[in-house]
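I'd like to ask some things about the structure below.
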Amino acid sequence: MLDIANLSKCFGSLRALDDLSLRLGDGEIVGFVGANGAGKSTTMRIVMGVLTADAGTVTWDGTPVDAASRRRIGYMPEERGLYPKMKVAEQLTYLARLHGATAAAARQASEQWTERLDIASRRDDEVQKLSLGNQQRVQLAAALVSDPDLLILDEPFSGLDPVAVDVMSQVLRERAAAGVPTLFSSHQLDVVQRLCDRVVIIREGRLVADGTVAELQAGAEPRWRAVVDVVGEPEAAVGAATAMLAGVPGLGATAEPAPAGARVTVVAGGADEQRLLEAAQRLGRLRELGPVTRPLTEIFRDALADPAASPAPATAQEA
Ligand SMILES: Nc1ncnc2c1ncn2[C@@H]1O[C@H](COP(=O)(O)OP(=O)(O)OP(=O)(O)O)[C@@H](O)[C@H]1O
């Protein structure tokens, strides 16, 4: 387990990290989410020893992370780190050797990952001659060639086409199944939602939420949706629904023409759906009533954007 505990880091008067803690269990894929400047890269750089924390610790299986243990980590830095004039295969072989692989194993890993990430035909090209997306694939291969026990990836999906996103997601799932955990930052919330076992959200260097996708969804404000067939014009039906439910949080109503009049969809927030049910029955013929599951992208956006609207940290881990 990687245990990042109580990290704080200031750059001059700017507090980039403020008592930030998070853990990464064996085989877990954890998405690290936060607005630009929230502190994701700073956290990863501290784990990798590129920066020193003002306070806090980083341990792996109970031992402070040091230069030797970092050789077992596959790291993709935000600033990237390829040699532009070196050929793809040469570079990957060299990086695997730096992590302690034998010459034969390094060559084999270079071949394996260029194949897997669909850049085999570019093995003899200089990195600088590749498109940005293909350079990104080489960068991913660079994090994987040493067969690491832990992956720390700063925005690994940025710039990848959808096929490469799928391949990389599959690679991370396979590594996870073999017990290798991944911490990755991303602004691609749909990918985070699809891929992660757990999501850590930070804002201004502080933890906002830490939980599984299901926990984050369960912690969000409940919302309800009713669909009602009404006799009359759509606009009038929307007006009637809005008047009946005045004061209910998160109220929204839309209507479209239907054979017998209008079909109205009403969405309302709050813990109790009874008021929506009663209003729907008074309006017309109730066709559907049920909870609305908010997409994670919406939950993330609320947590990232509005400090007052964010829930208290929902922590899935023991204290
Ligand atoms: N070397 C540095 N010197 C001064 N300020 C820095 C330095 N590195 C980071 N910062 C500041 O620390 C804060 C956190 O930056 P960081 O790069 O960790 O954010 P991030 O969450 O990775 O953002 P992004 O999503 O844009 O990559 C920012 O305000 C940034 O300007």
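The values are calculated or read from the model by the stated rules, or taken from the named source; none is laboratory data. All of these numbers come straight from a predicted model, not from anything done at the bench. Because the Cβ atoms are built from the backbone with ideal geometry, glycine has one as well, and the counts that use them run over all protein chains shown.
Report the residue count in segment 42-72 for those that are within 13 Å of the ligand (Cβ to nearest atom) and more than 12 Å from Ser8 (Cα to Cα).
Just the residues of segment 42-72 that are within 13 Å of the ligand (Cβ to nearest atom), to begin with: 42-48, 50-54.
Restricting the remaining residues to those that are more than 12 Å from Ser8 (Cα to Cα) gives 44-45, 47-48, 50.
The total comes to 5.
Yes/no per residue for (1) at pLDDT below 95; (2) of a type outside the set (Asp, Glu); (3) surrounded by 14 or more Cβ atoms within 10 Å (Cβ to Cβ); (4) farther than 18 Å from Gln139 by Cα:
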site: Ile4; (1), (2), (3), (4): no, yes, yes, yes
site: Ser8; (1), (2), (3), (4): no, yes, yes, yes
site: Glu28; (1), (2), (3), (4): no, no, yes, yes
site: Gly34; (1), (2), (3), (4): yes, yes, yes, yes
site: Gly62; (1), (2), (3), (4): yes, yes, no, yes
site: Arg72; (1), (2), (3), (4): yes, yes, yes, no
site: Gly81; (1), (2), (3), (4): yes, yes, no, no
site: Arg107; (1), (2), (3), (4): no, yes, yes, no
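In addition: Keeping to segment 170-209, report how many residues are buried (at least 17 other Cβ atoms within 10 Å of the Cβ), among the polar types (S, T, N, Q) and without any contact (Cβ under 8 Å) to a residue 40 or more places away in the chain.
1
Is segment 96-106 home to any residue that is away from the ligand (no atom under 16 Å from the Cβ), of a type in the set (Gly, Ala, Ser), touching a helix residue (DSSP H, G or I) at 6+ places or on another chain (Cβ under 9 Å) and within 24 Å of Gly211 (Cα to Cα)? Spell out the reasoning first.
We begin by selecting, within segment 96-106, every residue away from the ligand (no atom under 16 Å from the Cβ); these are 96-106.
Keeping just the survivors that are of a type in the set (Gly, Ala, Ser) gives 96, 100-101, 103-106.
Checking which are touching a helix residue (DSSP H, G or I) at 6+ places or on another chain (Cβ under 9 Å) leaves us with 96, 101, 103, 105-106.
Now drop any that are not within 24 Å of Gly211 (Cα to Cα), which leaves none.
Within segment 96-106, none of the residues are away from the ligand (no atom under 16 Å from the Cβ), of a type in the set (Gly, Ala, Ser), touching a helix residue (DSSP H, G or I) at 6+ places or on another chain (Cβ under 9 Å) and within 24 Å of Gly211 (Cα to Cα).
Can you tell me which of (1) free of Cβ contacts under 8 Å to residues at least 24 places away in the same chain; (2) touching a strand residue (DSSP E or B) at 6+ places or on another chain (Cβ under 9 Å); (3) among the polar types (S, T, N, Q) is the one Gln274 doesn't meet?
So the condition that Gln274 fails would be (2).
Still on this structure: Name every residue in segment 10-39 that is of a type in the set (D, E, K, R) and more than 13 Å from the ligand (Cβ to nearest atom), in order of residue number.
The first filter runs over segment 10-39 and keeps only residues of a type in the set (D, E, K, R), leaving 15, 18-19, 23, 26, 28.
If the condition is that a residue be of a type in the set (D, E, K, R) and more than 13 Å from the ligand (Cβ to nearest atom), then Asp19, Arg23, Asp26, Glu28 are the ones that fit.
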